[in-house]
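For reference, the structure discussed in these notes is given below.
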């Protein structure tokens with residue numbers, strides 16, 4: 001029972017629409033005080049982005065036959081965390097980016113102070129959503145979701161990866177160091193997206209399957225970053241939706257600067273195969289996870 | 001069964017020491033990667049501060065006979081949120097403060113990027129701690145704690161209050177607007193500290209008593225801010241541990257600029273009486289909450 005490419009495209013479009021609707025309806029409205037803060041939070045979250053993390057949660061939740069509304073809430077919480085991290089990463093004191101998803105970055109649009117606060121409040125909102133009594137999850141599952149998301153976001157996860165990345169400007173990392181950094185910076189939230197999908201209810205996975213999914217998730221995070229580095233090296237800003245070539249200009253280590261473009265492409269292919277191979281060993285129907293993995297890989301073509 | 005002033009002092013000193021030990025032992029160690037980030041997180045959290053929010057949680061938890069170790073964990077989570085908010089509030093794009101608790105602020109000591117990330121990671125860590133399976137709370141209580149803290153921290157709470165405060169520079173607020181702002185900026189976390197104390201386990205409160213405690217908590221947040229404004233107007237930086245007179249220099253509305261010093265002092269007295277009166281109507285022994293309230297009031301003498 002495998003989707004044709006076109007039915008996968010339909011699935012993705014539908015999930016994205018449902019996510020937009022969910023965020024639109026559930027985020028604090030702009031007519032509520034403080035107006036400017038709520039506007040900035042919505043600006044950075046609604047109406048854009050590939051929703052990769054949310055789609056991974058939804059695809060995984062579907063695989064274990066979880067309730068769709070619960071999965072949407074969990075997936076949207078992940079998008080709040082992702083949106084907050086982009087706002088803060090783009091700040092002048094961090095990556096200093098002025099373009100994101102083809103729009104001015106949050107601090108360019110609303111000022112730096114509002115951008116810092118919008119990121120802070122988005123993080124709080126993610127945990128608020130996961131802890132709502134109406135989430136449809138038993139308290140133990142909801143608490144597990146909070147823990148998975150908190151660990152993935154914190155100093156041993158995403159924020160920690162960004163700290164290592166910033167510290168490495170002008171101080172090139174070795175390949176193992178680069179992989180360790182990406183495992184935190186991008187990988188932690190991608191791993192959490194998949195694990196959180198398995199805790200939305202529905203069928204439970206064996207320890208073995210949980211382990212395979214974690215391994216898959218780690219590979220996927222790595223694949224995403226290699227492809228991102230390739231894109232940063234080869235695209236213009238219209239294609240990329242953000243300022244390209246910045247990594248190179250700042251002497252940051254990337255897969256392309258470390259391996260060269262052609263080797264980086266081979267590495268992406270190798271990581272793709274390993275990820276798909278891991279998925280194929282699950283007893284569940286992982287068609288949408290497979291397709292999402294292929295899609296991440298195909299971005300750099 | 002009321003403490004003498006000296007036994008209250010002993011109680012405070014002991015709680016503070018236990019909080020320091022808890023934070024020292026439980027925060028990510030500096031020898032763990034990323035070293036600089038963990039150092040900044042500890043710098044901003046350990047070894048200073050009045051621990052007012054934590055003490056309020058501990059005093060309330062004690063009042064309902066909750067487990068002390070659980071109360072320590074919950075109180076420490078609140079301190080993480082408070083520490084994160086101070087780091088971000090002090091940033092150049094926000095209040096631009098260089099002195100905090102008598103030390104250079106986090107961004108002065110570690111750079112702005114690390115300060116932003118340290119604040120972000122402290123927020124994540126607070127929710128991680130509350131969701132730990134070893135917290136000693138049933139899942140439903142732990143989830144309630146997550147929700148209370150998330151709402152108090154977010155755009156309708158602390159972060160929202162800071163946004164209103166920033167937007168008001170040069171645009172003086174009326175007294176009702178000022179009170180509404182403080183109810184969010186300082187009040188939300190103080191209110192959460194008290195409510196979270198009641199959810200650490202132990203005896204449960206009647207709806208009526210919960211309501212009285214919430215009212216008390218609101219008055220306490222207000223009292224704290226009036227006293228803070230008076231201190232900002234009358235102290236030097238050695239006494240205050242931060243840069244004084246900034247509010248005045250920036251034409252921010254404060255209780256002192258709106259009411260004058262003598263009226264602000266009367267207002268503090270009035271709010272103190274109302275807070276103590278509310279506490280006295282509880283059927284539980286609130287001696288340490290009373291003493292903490294008196295202590296907040298007495299700061300400006």
Exercise. Can you name the number of the only condition in (1) under 17 Å from the mean Cα position of the chain (by Cα); (2) within 28 Å of residue A:254 (Cβ to Cβ); (3) within 7 Å of chain B (Cβ to nearest Cβ); (4) assigned to a helix (DSSP H, G or I) that residue A:116 fails?
Worked result: (1)
Seminar exercise, completed: Checked against (1) touching a residue at least 12 places away in the same chain (Cβ under 8 Å); (2) within 21 Å of residue A:186 (Cα to Cα); (3) surrounded by fewer than 24 Cβ atoms within 10 Å (Cβ to Cβ), residue A:150 satisfies every condition except (3)
For this session: Return yes or no: is residue B:86 part of a helix (DSSP H, G or I), within 14 Å of chain A (Cβ to nearest Cβ), modelled with pLDDT of 95 or more and touching a strand residue (DSSP E or B) at 6+ places or on another chain (Cβ under 9 Å)?
Result: yes
For this session: Restricting attention to the range B:91-113, report how many residues are outside any loop (DSSP other than H, G, I, E, B) and without any contact (Cβ under 8 Å) to a residue 24 or more places away in the chain.
Result: 5
Seminar exercise, completed: (1) surrounded by fewer than 21 Cβ atoms within 10 Å (Cβ to Cβ); (2) under 30 Å from residue A:203 (Cβ atoms) all hold for residue A:72 apart from (1)
Exercise. What number of residues within the range A:122-143 satisfy the criterion of being crowded, with 20+ Cβ neighbours inside 10 Å, in a helix (DSSP H, G or I) and at the interface with another protein chain (Cβ under 7 Å from one of its Cβ atoms)?
Worked result: 7
For this session: Evaluate the following for residue A:148: is it more than 28 Å from residue A:202 (Cα to Cα), modelled with pLDDT of 95 or more, outside any loop (DSSP other than H, G, I, E, B) and in contact with a helix residue (DSSP H, G or I) (Cβ under 7 Å, 6 or more places away or on another chain)?
Result: no
Exercise. Identify, please: which residue in the range A:29-68 is in a loop (DSSP other than H, G, I, E, B), surrounded by fewer than 20 Cβ atoms within 10 Å (Cβ to Cβ) and in contact (Cβ under 8 Å) with a residue 60 or more places away in the chain and is, among those, farthest from the other protein chains (Cβ to nearest Cβ)?
Worked result: A:65
Problem set entry | Residues located in the range A:157-169, provided they are facing chain B (nearest Cβ under 7 Å) and surrounded by fewer than 24 Cβ atoms within 10 Å (Cβ to Cβ) | A:164, A:166, A:167
Problem set entry | All positions within the range B:171-188 that are buried (at least 18 other Cβ atoms within 10 Å of the Cβ) and either over 22 Å from the mean Cα position of the chain (by Cα) or not in a helix (DSSP H, G or I) (or both) | B:173, B:186
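The values are calculated or read from the model by the stated rules, or taken from the named source; none is laboratory data. Source: prediction; values computed, not measured. So basically every Cβ, Gly included, is an ideal-geometry build from the backbone, and we count neighbours across all protein chains shown.
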